[in-house]
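One structure is given here, and the rest of the page talks about it.
The values are calculated or read from the model by the stated rules, or taken from the named source; none is laboratory data. Fair warning: this is a prediction, and the values are worked out from it, not measured in the lab. Because the Cβ atoms are built from the backbone with ideal geometry, glycine has one as well, and the counts that use them run over all protein chains shown.
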Amino acid sequence: MILSSESRRGQPLSFGGWLRTIHIDGPLLLGLLILMGVSLLVLYSAGGQETGLLVRQMIRMAAALLVMVAIAQINPERMRSWAPGVFLVGLALLVAVLIFGIVGKGAQRWLDLGFFRFQPSEIMKLAVPILVAAYIAERPLPPSFFRMLVALVMIAIPTLLIAKQPDLGTAMLIATSGLIVIFLAGISWKIIISFLALASAAAPVLWYLMHDYQRRRVLTFMNPESDPLGAGYHIIQSKIAIGSGGLTGRGWLQGTQSHLEFLPERSTDFIFAVIAEEFGLLGVGMLLALYLLITARGLYIAGQAQTTFARLLAGSIALTFLVYVFVNVGMVTGLLPVVGVPLPLISYGGTSMVTLLAGFGILMSVHTHRRMMSP
Amino acid sequence: MTPWQTFKDHISEYRLINGRLIFAGVFSALLFSAVMVRLVILQVYEHEHFEALSNRNRISIEPLPPQRGLIFDRNGVILAENVPTFSLEVVPEKVVDMEATLALLTTLLNLTEEDISRFRERLRQHRRFEEVTLRLRLTEDEVARFAVHRHRLPGVEVVGRLIRHYPQGHLFAHSVGYVGRINEREMQIINRQNYKGTLHIGKTGIEKQYEDLLHGTVGYRHVETNVQGRIVRELQSVPAESGQDLYLHLDINLQRAAAEALTDYNGSVVVLDPRNGGILAMVSKPDFDPNLFISGISNRDYAELRDSHDRPLYDRALRGRYPPGSTLKPFVGLAGLEMGVVNEQSRTFCPGWYSLPGHTHRYRCWRHQGHGQMNFSSAMAQSCDVYYYDLSNNLGIDRLHQFLDLFRFGQRTGIDIPGENTGLSPSREWKRAFHNEPWYPGETLISGIGQGFNQMTPIQLAHATAILAMRGMGMTPQVLRASRMPGSDRLQLRAALPEEPVPVVSSRNWEATVESMIEVVHGQRGTARQIGVDLPFEIAGKTGTAQVFSLGQDEEYDAETLDRRLHDHALFVAFAPADNPEIALAIIVENGGSGSSVAAPIARKLIDVHFGLQKEPEIEVDDIEQ
């Protein structure tokens, strides 16, 4: 019987119980809503106090929340059965993009490519972990070496296709989400360590394969001061913004660094610097704590999940979310090279938000579709 | 496997995954601790270093606003220019005591309450480190007084700016329009980036219509500044790109002549070149000085303009709705010929009145004693109402309305100035929709002589006349003749915009109509015969007198005793030369009385000026751009 514990006891449903019947997880929802509130507050300041920008962002948030609620209604078992189909469609679209991309290098490349580039890679952000989790959960854990290799191929194909677009940030995040599934499935530490060793040996090869602009990013990351008005500009200005924020920040709307308009992409990828400048260490500390709490809830949901598939998937989604945050914050604070990854749910923009909330929809679905175990 | 074994496998699997989840959780927490350490280093240990970088030696990006394009008439006379002025700018962040500063400035420069309250309003819209204008157009005297007290006024500076100026003052107030301060609503629409450093935006007329061309593209310079905000050095700069200069079809000589010819009447004159739709003159009286709006018109001045009974801000040429009166007759007449309701030979007897069959109500002809036997040509020349009552009655409102549509009555002409009114060409459907009443046959008669519900704008009337002049080949009216990219000396001419030609059964009908209009000006009994003398070519025209005040059945119109506001409107439409038209015009003199004695002579003056038939005072040479 699919019954929630509350209704089984015949008592009136509490608010939390009611949320559960519509497959929504209260604590997660609360955390996400707070993040969105912070996003609007900061965007108002970073976007030059323009209400139009806020309205557009709110519309996107509403749409993304609807997607989340809709996905939360789908039973995880159904997602498992859909995984191969969605993955194949996503692959076909990725190939289409590559062919299309070669044809369309005219003046309108951004518009056309932008529309197409986004969609298939966003699908893959969820399709890859679902498929890998479904495949690995078919047999008892830990997976055999052969299964692991097949799973790696499943991850590598979309990753390489997206890296070729080129969209290194997205490719890396998709690979991460798949690799996390393999890691959670319990492959032995020996294998993990040998792969890491192999990867560091392959770094020079990777360097050779990289685009010029990507190499430049890595070089400036090593030494930003070498090119203060060119490639290092982002990092230098971002660090000044963060550092000048101090312990308590300059106050909301008072950030001179960001408002003087030389902190680039301050509504999108570099919005963390605006928060650090205006709200200081206390503000960003609380923000990071919020991200950790949301991830912790995700990990708890993974731990409570009832099938291996659901555990692997939920764990991957929760951890990938944190990787997003880490990559963005690492980039803005100068710990990591500059890759175009937005700060989840805070940065201005729509597509990544929809995918993220779809992921949280899956988490909620996993948590609220549990069957009561017979004693 | 036994079920128990499977269950055991599950347990061990879950242990495995949970172990990994916990490991990942701990690892994540460590990564975040690393980030926090990084943040503590940046925000606590290196805070002073970065704060110094941020505050004392900041690189700022200064916008370089583009120079707004100039506007010229067809002769190269400048209609809108940019003049250098001094303005008083305040950077709030650098002001120590704002109240004291404002108080001192008030006594120094005689600032008004209004200046101060507007400044406070602007202050709210800007950030603390942005320049806010306190006062535009300082006199040299004021600049000198400020300089003496400058040391007491940190954060206040006198800055040179280019400000729009309209050297022709009132003359092009409605057509060229004016620029004004960018308001909050406009802020939402414009590309804010491109308007950084720009104070003004086109509000009306050409200035608004071609804002995109006139404005140009903003430039930037990256500068390094010291503690006081003084620029230490320029790092990089992208120059602004000036807006395009605009060359209009408008002819200042004709415009001035038209404005003067209206004397102190309210009204409107539109003159256009029917061959390409170019607007040669467009006057709406009364007018105003557009220069008042640039530096912020005072509330009192604005209220005066806005509340004036004569409505000087209202562009009559595009928005004024007037009954066309008899100036509609050429179009109604052509409809009659086209539909076969009349022909050039058919006659109607005018006893001075007309009654619908079976009715006793008498629709009066303007000539009470009657015109006698009238044909197409004489009815036009003498503007016989009875002939047109009969024609309209036989035509019916549906066919009449349908035909007038071809001349774009009741529709916007599409002129390149915003705010045009559609006017009203009544129809059976319109009356049903807006008055919920059936159409009465008597209303067809009244419509046929351009009275009743008919409302046309001067631009519509001029445009329809131009279509007639071109025998059906209409051109969309345009004020802009050409534009010039900054730095280029080549004019990019605008193409004329041909409209769908008016289809006719027989081209002879055009000639019959035009010939009857020539009779109006050159015929023995034409209503405008006094303007038809001493001409090397023929004018085709039509007078009109539109009732403002309706009279009872047997009342007499007595100009002496009526308030001037109730006097009839005087109208005249014409084109010349009749066989090869170069100009077409429409004139409306509000409360002018009679079309033939007031409006027609204005047309003759304008035709004389345009064709150089009469010595007119020449414009001064130094007005002309080389």
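Residues that are touching a strand residue (DSSP E or B) at 6+ places or on another chain (Cβ under 8 Å), without any contact (Cβ under 8 Å) to a residue 60 or more places away in the chain and within 24 Å of B:GLY243 (Cα to Cα) within segment B:451-501 comprise B:ARG490, B:GLN492, B:LEU493, B:ARG494, listed in sequence order. In summary, A:SER39 fulfils each of the numbered conditions (1) modelled with pLDDT of 85 or more; (2) at positive phi with the single exception of condition (2).
Among the residues making up segment A:339-371, those that are in a helix (DSSP H, G or I) and more than 16 Å from A:VAL67 (Cα to Cα) are A:HIS367, A:THR368. Here B:ILE61 qualifies as within 14 Å of chain A (Cβ to nearest Cβ) and under 22 Å from B:VAL159 (Cβ atoms).
Across segment A:322-339, a minimum of one residue is classified as away from chain B (no Cβ under 14 Å) and either in contact with a Leu (Cβ under 8 Å, 6 or more places away or on another chain) or free of Cβ contacts under 8 Å to residues at least 60 places away in the same chain (or both). In this structure, is A:LEU312 in a helix (DSSP H, G or I), out of contact with any helix residue (DSSP H, G or I) (no Cβ under 9 Å at 6 or more places or on another chain) and within 10 Å of chain B (Cβ to nearest Cβ)? Spelling it out, it is not the case that A:LEU312 is in a helix (DSSP H, G or I), out of contact with any helix residue (DSSP H, G or I) (no Cβ under 9 Å at 6 or more places or on another chain) and within 10 Å of chain B (Cβ to nearest Cβ). Answer yes or no: is there a residue in segment A:271-291 that is facing chain B (nearest Cβ under 7 Å) and among the acidic types (Asp, Glu). No: segment A:271-291 contains no residue that is facing chain B (nearest Cβ under 7 Å) and among the acidic types (Asp, Glu). Every test in (1) within 30 Å of A:GLY47 (Cβ to Cβ); (2) in contact with a Lys or Arg (Cβ under 7 Å, 6 or more places away or on another chain); (3) within 10 Å of chain B (Cβ to nearest Cβ) is passed by A:ALA302 save one, and that test is (1). Look at B:GLN193 and say whether it is of a type in the set (S, T, N, Q), outside any strand (DSSP E or B) and in contact with a helix residue (DSSP H, G or I) (Cβ under 9 Å, 6 or more places away or on another chain). So B:GLN193 fails the test. Looking only at helices (runs of 4 or more DSSP H) that fall completely inside segment B:78-150, which ones have 2 or more residues that are touching an Asp or Glu at 6+ places or on another chain (Cβ under 7 Å)? Answer list for segment B:78-150: none.
Among all residues of segment B:355-372, there is at least one that is buried (at least 20 other Cβ atoms within 10 Å of the Cβ) and under 17 Å from B:ARG525 (Cβ atoms).
Every residue, every condition in (1) of a type in the set (Phe, Trp, Tyr); (2) in contact (Cβ under 8 Å) with a residue 24 or more places away in the chain; (3) within 30 Å of B:ASN194 (Cβ to Cβ); (4) touching a His at 6+ places or on another chain (Cβ under 9 Å), yes or no:
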| residue | (1), (2), (3), (4) |
| --- | --- |
| B:ASP245 | no, yes, yes, no |
| B:VAL271 | no, yes, no, yes |
| B:ASP287 | no, yes, no, yes |
| B:ASN299 | no, yes, no, no |
| B:ARG316 | no, yes, no, yes |
| B:GLY325 | no, yes, no, yes |
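Scanning segment A:174-200 for residues that are within 14 Å of chain B (Cβ to nearest Cβ) and surrounded by 15 or more Cβ atoms within 10 Å (Cβ to Cβ) yields A:THR176, A:SER177, A:LEU179, A:ILE180, A:VAL181, A:ILE182, A:PHE183, A:LEU184, A:ALA185, A:GLY186, A:ILE187. Close Cβ contacts (under 9 Å, 6 or more residues apart or on different chains) running from residues in segment B:82-102 that are surrounded by 16 or more Cβ atoms within 10 Å (Cβ to Cβ) to residues that are at pLDDT below 80 and among the acidic types (Asp, Glu) comprise B:GLU89/B:GLU131; B:VAL90/B:GLU131; B:VAL91/B:GLU130; B:VAL91/B:GLU131; B:PRO92/B:GLU130.
For segment A:317-375, residues that are hydroxyl-bearing (Ser, Thr, Tyr) and over 9 Å from the mean Cα position of the chain (by Cα) total 7. Considering only segment B:31-53, I want to know if a residue exists there that is touching an Asp or Glu at 6+ places or on another chain (Cβ under 7 Å) and either of a type in the set (A, V, I, L, M) or outside any strand (DSSP E or B) (or both). No - not one qualifying residue is present in segment B:31-53. Looking at this structure, is A:LEU98 aliphatic (A, V, I, L, M), modelled with pLDDT under 85 and surrounded by 17 or more Cβ atoms within 10 Å (Cβ to Cβ)? Judged against the criteria, A:LEU98 is not a match. Scanning segment B:253-275 for any residue that is within 14 Å of chain A (Cβ to nearest Cβ) and either surrounded by fewer than 21 Cβ atoms within 10 Å (Cβ to Cβ) or among the charged types (D, E, K, R) (or both) turns up nothing. The single residue among B:LEU79, B:LEU53, B:LEU16 that is within 7 Å of chain A (Cβ to nearest Cβ) and in contact with a Pro (Cβ under 8 Å, 6 or more places away or on another chain) turns out to be B:LEU16. Residue pairs, Cβ under 7 Å, 6 or more apart or interchain, first in segment B:574-595 and assigned to a loop (DSSP other than H, G, I, E, B), second among the polar types (S, T, N, Q). List them. If the second residue must be among the polar types (S, T, N, Q), the pairs left are B:GLU590/B:ASN266; B:SER594/B:THR545.
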